Structure formats: structure tokens, C-alpha cells
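Engineer: After the C-alpha cells below, expect a handful of questions from me.
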Amino acid sequence: RFLGLLLAEGAAIDLRSLLATDVWETSKRHCTTRERGPMKFRPCIDLHNGVVKQLVGGSVQDESAEQPKENFASDKSATHYADMYSNDALTGGHVISIGAGNEEAAVAALKAYPGGLQYGGGVTPENARKWLSAGASHVIVTSYVFKDGKLDFDKLKEMVELVGKDNLVLDLSCRSKDGKFFVCTDRWQKFTDLEVSGDTLNMLAEYCDEFLVHAVDVEGKMQGIEDDLVQMLGECSPIPVTYAGGASTMGDLDKVKAIGDGKVDLTIGSGLDIFGGALSYEAVVAWQRKEEIMARKEGMGGTFSASFGRTYS
């Protein structure tokens, strides 16, 4: 569907070889950052009660009979979305299980696009390898590595030893408090004492391959991104980082690219037309193809991995 665009750009390329790459360098301050671009759009499959849904951030309550606030519930399977992302050569997306009853759908999606999707939701040492065996490129972990609101380094090291640093994504999804961003766990209900900052990103980069950061206060609201958070991630993350929360327009893609200096990838959920929103999924994929072509022309090189972006240099 994007052949015309590619030919117009004078490119003779294999779409599956157009994967984001990163070259890291050290800055003068507290941040160790990586070189610019190409920025990636990262797709998502969020599951609740076995159904692909888009929920408003922070509306899932463990001890409440009240149902979470839904923006969208799909009549299509998780496999449908995985096949679509595979066909469009979108890599590094994620499958997230929210609560129980999602295992069958999650496994089916991972098997449909082996190596192309990460998995998160209740990941522990007891089940992490199962998700990798099902086809996940990485497992995404948050709550397990925290205890009583504090980061538990013993649990973090246990997870690293089990699955390997290269297969681990740390979810640092956060909310604002007193002008700073702090990691939230347990379906984003509980604040921890861990601030999302340059020091934190550089410390934790030693233990994982990527970061995933949902801006919980704006997640699912389609009212714009957390500018300060995106800027800080772009300035300070020494490894690949994906931001999610509030994006719903093509302008949001360009804004994340600009204030994140091309170093912050973006997930869009509720805003996309495939999830009931107004933003054209096909237009976003076309934007991604153009980014890849420009990166090639500008010499943003590195190691392109056949394992869907797991190798960086």
C-alpha cells in the first residue's frame, strides 16, 4: 500500500529491513543519551477480559466492582491486530494484559507475529520464559520489581538473570506529583518513591534493553502529550524508550519527534481509527515509512537486526 510513497522517494528497499537503530553517546551532565533517530511508531494490543480494548489510564481498580472506563472495545481478535502490524512491518510494539482472562488471546497474538511484539502484564520469574517461548521479543516488567513502593534490586537482578538483559523492558509508567514524575505500579494505582529522572534512567539502563513509559495522567484521554516527560526522556535515556499517553493527531507524532529529538518512540492507542479514534492508522504507517527513508538518506545507520530491532550498535 506504500509502494507509491517509496518509489517517489527513490528508494529500493526491503520494508522489513527498515528497523530503528540507535547509537549511544555520553553527554556532559547526568544523562547518557543516544544519537538521534529514526523515531518509531510502536503499535499496541491492550487486552482486558480477553478483548482488545482501549482504557482510560488509572481507571482499573483492583478492589472496586466498578468497571474501568473504556474508550473502545474491538470485535476483532488480538491476532487480527498482530497480523496487521506484521504485514505493515511495525516492530517493537507490545501486548499488554490488564487483569485476568487474557492468556489465550495474548499467546495467539504473539504466535501470529513472533519476535515482533513485546509482552507485559503480571510478568514474574515463574511465567516470563513462557511468554518468550510464545514469541515475545521481550517481557515488560514493573510491579514485580517493586516492594512497598521501593525498587527491589534483588528481584530486578533475578529477572535479568532469568531472561537476560536483552529480553527485558522496564515499564516506568508514571504520574505527576509535586512537579515530578514518579513510577506507579499495580495497574497504576500506587505511587512508588522512584522518580523518573536522568539519574534513574541511567541507573536502570544497566539492567534492561528498553524502557516503556506511559504518562498515566493523560493515557487514553486523547488531549495531548506530557511535553516535559517526553523532553526529559529524549535528553536522558541511554537506551531505546517508548512513550505512550495522550497522542491523537499527526501533529503529536511530529511534536514527539521534535521535543524528544528523534530519540523517543511513540505508541498511539485510543486516538487511532483502528481503535475508534479519528487518526488514520494508514497515515501513521505512511509517516513511519517516510521516517525510515529519511533516516537512510541521512545516514542514521547502525546494526539492522533480523530479530526485529533487538540489536543496536
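Engineer: Considering amide H positions built from the backbone, and no H for Pro or chain starts, which residues 5 or more places from residue 190, or on another chain, come under 5 Å of its amide H?
Structural biologist: The answer is 185.
Engineer: For the pair residue 186 and residue 130, what calculated FRET efficiency results from E = 1/(1 + (r/R0)^6), where r is the Cβ-Cβ distance and R0 = 30 Å, to the nearest 0.05?
Structural biologist: Details: r = 22 Å, r/R0 = 0.73.
Approximately 0.85, to the nearest 0.05.
Engineer: If I model region 146-201 as equal point scatterers sitting on the Cα atoms and use the Debye formula, what is log10 I(q)/I(0) at q = 0.18, 0.26 Å⁻¹?
Structural biologist: For region 146-201, the Cα-only Debye profile gives -0.65, -1.12.
Engineer: Among the lysines, which fall within straight-line cross-link reach of residue 180, defined as a Cα-Cα distance under 24 Å, with same-chain neighbours fewer than 8 residues apart omitted?
Structural biologist: Qualifying lysines at Cα under 24 Å: 28, 147, 150, 190, 221, 255, 257, 263.
Engineer: Same structure, new question: Could you pull out every residue, at least 5 positions away or on a different chain, whose amide H is within less than 5 Å of the one on residue 147? Hs are placed 1.01 Å off N in the peptide plane, and Pro or chain starts have none.
Structural biologist: Those lying under 5 Å, H to H, from residue 147 are 152.
Engineer: Further, regarding this structure: If the reach is capped at under 14 angstrom between alpha carbons, list the aspartates and glutamates near residue 297, excluding any in the same chain fewer than eight residues apart.
Structural biologist: Once the sequence-local aspartates and glutamates are set aside, what remains near residue 297 is 9.
Engineer: Around residue 94, which amide H atoms from residues at least 5 apart in sequence, or from another chain, sit under 5 Å from its own amide H, with H modelled in the peptide plane?
Structural biologist: Distant-sequence amide H within range of residue 94: 44, 45, 118.
Engineer: So which GluC sites (Glu not before Pro) in region 185-268 are both in a DSSP loop and have at most 13 other Cβ atoms within 10 Å of their Cβ? Could you put the intermediate results ahead of the total?
Structural biologist: Numbers: sites: 195, 206, 210, 219, 226, 235; in loops: 206, 219, 226.
Passing sites in region 185-268 are 206.
Engineer: Calculate the spin-label point distance for residue 231 paired with residue 177, positioning each point 7 Å from the Cα along the beta-carbon direction, and give it in nanometres.
Structural biologist: Distance between label points: 2.4 nm.
Engineer: Could you tell me the calculated FRET efficiency between residue 280 and residue 69, based on Cβ-Cβ distance and R0 = 25 angstrom, to the nearest 0.05?
Structural biologist: Computed FRET efficiency for residue 280 and residue 69 comes out at 0.55.
Engineer: Stokes-Einstein D for region 65-209 at 4 °C, 1.567 mPa s, Kirkwood Rh over Cα pairs, in µm²/s?
Structural biologist: Estimated diffusion coefficient is 80 µm²/s.
Here, each number is a calculation from the coordinates, and none is a lab measurement. As the structure is a prediction and not an experimental result, all values here were calculated from the model. Heads up, the Cβs are rebuilt from the backbone with ideal geometry, glycines too, and the neighbour counts pull from every protein chain shown.
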